[in-house]
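For reference, the structure discussed in these notes is given below.
The values are calculated or read from the model by the stated rules, or taken from the named source; none is laboratory data. Computed from a predicted structure; not experimentally measured. All Cβ positions, glycine included, derive from the backbone under ideal geometry; neighbour counts span all protein chains shown. All accessible areas refer to the heavy atoms of the entire protein, side chains included, with ligands and DNA or RNA removed. Shrake-Rupley method; radii C 1.70, N 1.55, O 1.52, S 1.80 Å.
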Amino acid sequence: MTDAHTTGTHGTGPFIAAIDQGTTSSRCIVFDKDGRIVSVDQKEHEQIFPKPGWVEHDATEIWENVQEVVAGAIVKAGITSADVKAIGITNQRETTLLWDKNTGEPVHNALVWQDTRTDALCRELGRNVGQDRFRRETGLPLASYFAGPKVRWLLDNVEGLRERAEAGDILFGTMDSWVIWNLTGGTDGGVHVTDVTNASRTLLMNLHRMEWDEKILSSIGIPAAVLPEIRSSAEVYGHAKGGILDGVPVASALGDQQAALFGQTCFAEGEAKSTYGTGTFMLMNTGGTPVNSYNGLLTTVGYQIGDKPPVYALEGSIAVTGSLVQWMRDQMGLIKSAAEIETLASSVEDNGGAYFVPAFSGLFAPYWRPDARGVITGLTRYVTKAHIARAVLEATAWQTREISDAMTKDSGVELTALKVDGGMTSNNLLMQTLADFLDAPVVRPMVAETTCLGAAYAAGLAVGFWPDTDALRANWRRAAEWTPRMDADTRAREYKSWLKAVERTMGWVEDEES
Ligand SMILES: Nc1ncnc2c1ncn2[C@@H]1O[C@H](COP(=O)(O)OP(=O)(O)O)[C@@H](O)[C@H]1O
Ligand SMILES: O=P(O)(O)OC[C@H](O)CO
């Protein structure tokens, strides 16, 4: 089951270049008209952990890496800017940066989506403003995951910053805004924009009006002067200035999970995808109206193509999945590579009674409990590292099952099949376990790089490279499928044990500690 990517030119073009500014790395992929990969370049950046729970990125390093991978991908493809019809942008969402618009210098490292330093601030806002108000206007629960409280933290903690922000010298952006501003000239006329999908993750955008919500801005304490203009996900925002793609239109921006929804061509209501990387994010297209969640999901914008109405989505976000495998490798030393977890887990028949709930940053969907911490339960002397490896993989599958259940309750749509992508989908045992726990088929497309593909598709639509979404659908091809094999009794018994293990994580962190 290999993915059909190759490197080297497909025909003579033209092409679309997509930049994915992700949590652990930045990459650029060049696609041809059939949505096939022509070339890839990728570079990791440093993860900075100044204190427990704090996670930062150096945005200057990120912008340097972006320029490097763009040049790398173009050179590997053996093409020039004249062959590239548009650039699409996709990005890790929520990661928050403030920079000086006169110098282009970040005022502080970016605060990454996993960073929990705003937990106490969120509790305070919840008491003063009320949880319901945020849910109603923005579709999101008040949580440290989102950008708005991170902006407030920076304004409160970087000396003199609030005055500079109020004077109009400071710009806020998630990574899409930072990359687009720099790409289009930076201090020399760079455009300061974001798209509706990224804006829908800030806790600051009114989900019904697609505008910054003035009342929420004033209750969090963020001056409007720092905010980017909110635009659709597929339109020309400006043109690259300087660099290897000088003059090429910058024509899309989508948060990475929404880009994957787009790349998986989930254009019809009820279609869903789940992306298995550092964390896991399942999104379901819910059409033209936002669906309120009563079961711990997020209501978010799926995409908006130019001046067409926005398409909404329900999202279940899981903070720790692939990063648990990394933890087994780097912190525990139980495996040497991420792929080895499959070999180890396959050496036993089952989990030996052990369950691993990786609530390392609290629990995200459907619980939203910052006070939860990780547990391994059911331990006896019988349990070996192979059983733990199995429990690690099962944790990802059970968390997906919980989200899928919540989605069915909120949307009324029963999952008939799940489209998957991301680094963890190369693990066959995990994919089989997922099909077993969901009791539904799991399918993976030929081009597993759906995040970049989605950004490329949106940019291509904006410049007429592809005529419409039907043309994109025609490119989707199945590479692999896993069908359920587990009997219903075993599934029900195991699910019950999993839910019991989840209960054990709650309330570990006392209020004053977090
Ligand atoms: N064979 C595998 N089995 C389980 N997990 C894997 C495997 N290969 C990669 N991973 C995990 O997938 C993640 C990388 O996937 P990727 O989609 O590149 O993530 P991201 O885009 O979030 O950086 C890592 O956390 C890694 O531990
Ligand atoms: O960069 P990724 O793939 O880890 O995705 C991160 C998400 O966008 C966080 O919401």
Practice problem: In debye, nearest 20, what is the charge dipole magnitude of region 258-385 about its Cα centre with +1 on Lys and Arg Cβ and -1 on Asp and Glu Cβ, if you could check? | Solution: 340 debye
Self-check item: Size of electric dipole in region 13-254: Cβ of Lys, Arg +1 and of Asp, Glu -1, about Cα centre, debye, nearest 20
Solution: 700 debye
Self-check item: Charge context of ASP307, other residues only, Cβ under 14 angstrom, K/R +1, D/E -1
Solution: 0
Quiz item: Amide H to amide H, which residues 5 or more places from LYS419 or on other chains are under 5 Å from it, using H placed in the peptide plane?
Solution: ALA272, SER274, VAL443
Quiz item: Roughly what % antiparallel, to the nearest 5, for the DSSP beta bridges in region 13-254?
Solution: 65 percent
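How large is the helix-only mean residue ellipticity at 222 nm for the chain, computed as the sum of -39500 (n - 2.57) over DSSP H runs with n ≥ 4, divided by its residue count, in deg cm²/dmol to the nearest 500? Don't skip to the answer; put the middle values down first.
Numbers: 16 runs with 170 residues, N = 514.
Using -39500 (n - 2.57) per qualifying helix, the result is -10000 deg cm²/dmol.
For the chain, with only Lys/Arg (+1) and Asp/Glu (-1) charged at the beta-carbon, what is the dipole magnitude about the Cα centre, in debye rounded to 20?
Numbers: 46 positive and 66 negative charges, 178 e Å.
Computed charge dipole of the chain: roughly 860 debye.
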Quiz item: Roughly speaking, to the nearest percent, how much of region 13-254's 1.4 Å accessible area is carbon and sulfur?
Solution: 46 percent
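Normalised by the number of residues in the chain, what is the relative contact order in percent for Cα pairs under 8 Å and 6+ residues apart? The partial results should precede the final answer.
Values: 1182 pairs, mean separation 78.3, N = 514.
About 15 percent, as a whole number.
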Self-check item: region 451-514-region 99-120 distance, computed between alpha-carbon centres (Å)
Solution: 28 Å
Practice problem: Count the DSSP beta bridges whose two residues both fall in the chain, then state the antiparallel fraction as a percent rounded to the nearest 5. | Solution: 70 percent
Quiz item: Once the dipole of region 310-422 is set up with Lys and Arg at +1 and Asp and Glu at -1 on Cβ about the Cα centre, which of PRO310, LEU379, ALA359 lies farthest towards its positive end?
Solution: LEU379
Quiz prompt | Overall dimensions of region 13-254 by Cα: Rg and Dmax, Å | solution = 17.9, 57
Quiz item: Between ALA480 and residues 5 or more places away or on another chain, which pairs have amide H atoms under 5 Å apart, with H built 1.01 Å from N, and which residues are they?
Solution: ARG444
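What FRET efficiency would be calculated for the residue pair VAL129, GLU503, taking the C-beta separation as r and a Förster radius of 30 Å, to the nearest 0.05? Could the numbers behind the result be given before it?
On the way: r = 30 Å, r/R0 = 0.99.
The computed FRET efficiency comes out at 0.50.
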Quiz item: How large is ³J(HN,Hα), in whole Hz, for each residue of region 441-457 in order, when computed from phi with the Karplus curve 6.51 cos²θ - 1.76 cosθ + 1.60 and θ = phi - 60°, using x for Gly and Pro?
Solution: x, 10, 10, 10, x, 4, 8, 7, 7, 5, 5, 5, 4, x, 5, 5, 4
Self-check item: Where labels lie 7 Å past Cα in the beta-carbon direction, separation of LYS385 and VAL75 in nm
Solution: 4.0 nm
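Per the Kirkwood formula on distinct C-alpha pairs, the Rh of the chain is how many angstrom? Don't skip to the end; give the middle numbers.
On the way: mean 1/r = 0.0435 Å⁻¹.
For the chain, inverting the mean 1/r across all distinct Cα pairs yields 23.0 Å.
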Quiz item: What are the ³J(HN,Hα) values, in whole Hz, obtained from phi via the Karplus relation 6.51 cos²θ - 1.76 cosθ + 1.60 with θ = phi - 60°, for each residue of region 78-85 in sequence order, with x given for Gly and Pro?
Solution: x, 10, 10, 4, 5, 8, 9, 7
Quiz item: Under 19 Å from a point 7 Å along the Cα-to-Cβ line of TRP54: which residues of region 355-377 have their amide N that close?
Solution: 361-362
Self-check item: Whole-Hz couplings from phi, Karplus 6.51/-1.76/1.60, listed for region 420-427; x for Gly and Pro
Solution: 10, 7, x, x, 6, 6, 6, 8
Exercise. List every residue whose amide H lies under 5 Å from the amide H of THR95, counting only residues 5 or more places away in sequence or on a different chain, with H placed 1.01 Å from N in the peptide plane.
Key: TRP113, MET175
